[in-house]
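Reviewing the structure listed below.
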Amino acid sequence: GAFDLTKNTKICLLSDDSTLNYSVRLFNGLLDKSFGKPLPVIKSTQPEAGAINVRLGGLQPEEYTLNIRPDGVDITGGSPAGVFYAFQTLRQLLPVAVARGEKAGVIELPVAEIADKPHFAHRGGMLDVCRHFFTADDVKTFIDILAMHKLNRFHWHLTDDQGWRIEIKQYPKLTEVGAFRDRCNLQAEADAPKDSVPYGGFYTQDEIRDIVQYAAKRFITVIPEIEMPGHASAALASYPYLGCKGEGYVVPSTWGVKADVYCAGNDSTFRFIEGVLSEVVELFPSEYIHIGGDECPKINWQQCPACQQRIKTEKLKNENELQSYFMQRAEKFLAGKGRKIVGWDEILEGGISETATVMSWRGSAGGIEAAKKGNHVIMAPNSHCYLDYYQTDKTETEPKSIGGHLPIEKVYSLDPYEGLNADEQQYILGVQGNLWTEFISEFDHAEYMLLPRLAALAEVGWSYDNKDFDSFKKRETSLARLYDAYGYKYAKHMFPADSTATDTTK
Ligand code: ACM
Ligand code: ZN
């Protein structure tokens, strides 16, 4: 059987929460072109026959049930986020013609009884907008892609050597100077026009507020990343007093780890970091702020009198402990603003506070170590989660990539609990796919790297204890039709040769 959805089908809200409207508006936006009008929305205390009845109650916050019967549709969410995920599932059941915006009289929704809840609380995607810049609209498309896969965290990598991308009012040179480099350096296209002219861009605070709102309406929290103490060349080029040498910095157009990092001896560095973070917490309501911590060479610190003095004064053993001092000083500042930190797994090296969350990227080892210590962990091991890696070993037929080899089966096989006993597993907050963009300068290329591997990661996040790659493959084949309808570019390695060529739905 089926439920006949028409332009007169009512959406009946049985719970009073204004954020239910986020889901309703987006769903109506999907139907707008097909029906020529939004579905009527009413509030009621009683479910209505023949309506899409929406209510809150009795479930975990992100959990939902979706029952489609010939005489009506019932959606229950543990919170408005759960209701949102129910509508995302409903969206996947709509005919592709509707996603394409074609006119429809009656849309048949197949009878179904679905109960679903995510295994992990943190289900994220990271976009690096520093190595290449993506417009605010591109960023919203990234968020749309997260939302359709029921991911709930957008890790926005906003500062790095090759570009500072967030407007900071107290430090205008960060974007006047630090947001631009002398060329794009997309080595895949050595003679491309962008490679010989200055390249860059940044987001104004208004754009950022708009994006944070856009994400919130999709129940996605934006976690900004402000890198320290390494990956700081763009900041040093803007304000040379922030580095140990105090001069001679440029925003590099080349990739790789840079030796120039923030000086950890100079108090003015910390005034700067606190000034930046003060504006960051005003823009981002997220409980967590990511403060980087990866790939910080210590060579300048070894030679810098101020850094060496700091080691003595603070009775630190070495430069690794100096990095811990740096991170913990930023952490204390943020704690004073009611926020927690996330850092890449290098933050373990000189010792970490009990309250820091570790994002494990050099494989899972750092995450395992942190969980055993009782620190929270987000698993994003490069072995399974680096979506900038090649999708196949036939690299000659692929767009140039940073390297690696990460077929979708490998993403799907991620075990975030690997090496942990039941007690330690509680510290694993979740999983994340990371898209670094050294060799990605166009958003459709980003889509190609994300899809469908991000879908595999989303399934690790939702269905950890109920994974089945063959079943995933079937469902992903129909999800790919939605990618087609929305014009998302995606990789086709996992699909049988002809599966995406013919549209078997109406
Ligand atoms: C990283 O990939 N450097 C976190
Ligand atoms: Zn120094």
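The values are calculated or read from the model by the stated rules, or taken from the named source; none is laboratory data. Computed from a predicted structure; not experimentally measured. Cβ atoms come from the backbone with ideal geometry, glycine included; neighbour counts cover every protein chain shown. With ligands, DNA and RNA removed, areas are computed over all heavy atoms of the protein, side chains included. Shrake-Rupley method; radii C 1.70, N 1.55, O 1.52, S 1.80 Å.
Observations on the model:
- Of the set (1) within 16 Å of ligand 1 (Cβ to nearest atom); (2) closer than 17 Å to residue 297 by Cβ; (3) buried (at least 21 other Cβ atoms within 10 Å of the Cβ), all apply to residue 349 but (3).
- Of all the numbered requirements in (1) away from ligand 1 (no atom under 16 Å from the Cβ); (2) touching a Lys or Arg at 6+ places or on another chain (Cβ under 9 Å); (3) closer than 23 Å to residue 275 by Cα, residue 318 misses one, and that requirement is (3).
- Close Cβ contacts (under 8 Å, 6 or more residues apart or on different chains) running from residues in region 303-317 that are on the phi < 0 side of the Ramachandran plot to residues that are among the acidic types (Asp, Glu) and near ligand 2 (Cβ under 8 Å from one of its atoms) are absent.
- Test for residue 377: is it open to solvent by less than 10 Å² (accessible area, probe 1.4 Å), within 16 Å of ligand 1 (Cβ to nearest atom) and among the aliphatic types (A, V, I, L, M): yes
- Positions within region 227-251 being away from ligand 2 (no atom under 12 Å from the Cβ) and part of a helix (DSSP H, G or I), in sequence order: 233, 234, 235, 237, 238, 240
- Selection from region 1-23 of residues that are free of Cβ contacts under 8 Å to residues at least 60 places away in the same chain and in a helix (DSSP H, G or I): 21
- Residue match in region 257-264 (condition: open to solvent by less than 10 Å² (accessible area, probe 1.4 Å), in contact (Cβ under 8 Å) with a residue 24 or more places away in the chain and not hydrophobic (A, V, I, L, M, F, W, C)): yes
- The residues of region 438-459 that are open to solvent by less than 10 Å² (accessible area, probe 1.4 Å) and in contact (Cβ under 8 Å) with a residue 60 or more places away in the chain, listed by number, are 440, 446, 449, 450, 451, 453, 454, 455, 457, 458.
- Scanning region 460-483 for residues that are surrounded by fewer than 16 Cβ atoms within 10 Å (Cβ to Cβ), assigned to a helix (DSSP H, G or I) and among the acidic types (Asp, Glu) returns 465, 470.
- Residue among 238, 233, 253 that alone is buried (at least 24 other Cβ atoms within 10 Å of the Cβ) and of a type outside the set (A, V, I, L, M): 233
- Filter result for residue 287 (without any contact (Cβ under 8 Å) to a residue 40 or more places away in the chain, away from ligand 1 (no atom under 12 Å from the Cβ) and not aromatic (Phe, Trp, Tyr)): no
- Test: residue 139 is farther than 25 Å from residue 288 by Cβ and either in contact with a His (Cβ under 7 Å, 6 or more places away or on another chain) or assigned to a helix (DSSP H, G or I) (or both): no
- Flag for residue 102 being assigned to a loop (DSSP other than H, G, I, E, B) and buried (at least 20 other Cβ atoms within 10 Å of the Cβ): no
- Residue 394 meets each of the listed conditions (1) in contact with a helix residue (DSSP H, G or I) (Cβ under 9 Å, 6 or more places away or on another chain); (2) exposed (fewer than 15 other Cβ atoms within 10 Å of the Cβ); (3) modelled with pLDDT under 95; (4) not hydrophobic (A, V, I, L, M, F, W, C) apart from (1).
- For region 284-306, residues that are away from ligand 2 (no atom under 11 Å from the Cβ) and either surrounded by 19 or more Cβ atoms within 10 Å (Cβ to Cβ) or of a type in the set (Phe, Trp, Tyr) (or both) total 9.
- For region 362-374, taking the residues that are surrounded by 24 or more Cβ atoms within 10 Å (Cβ to Cβ) and out of contact with any Asp or Glu (no Cβ under 6 Å at 6 or more places or on another chain), the one that is nearest to residue 493 (Cα to Cα) is identified as 367.
- Scanning region 49-60 for residues that are farther than 17 Å from residue 21 by Cα and open to solvent by 60 Å² or more (accessible area, probe 1.4 Å) yields 49, 58, 60.
- Scope region 469-489; condition under 16 Å from residue 407 (Cβ atoms) and of a type outside the set (Asp, Glu); matching residues: 469, 472, 473
- Taken over region 250-270, residues that are within 17 Å of residue 226 (Cβ to Cβ) and aliphatic (A, V, I, L, M) amount to 3.
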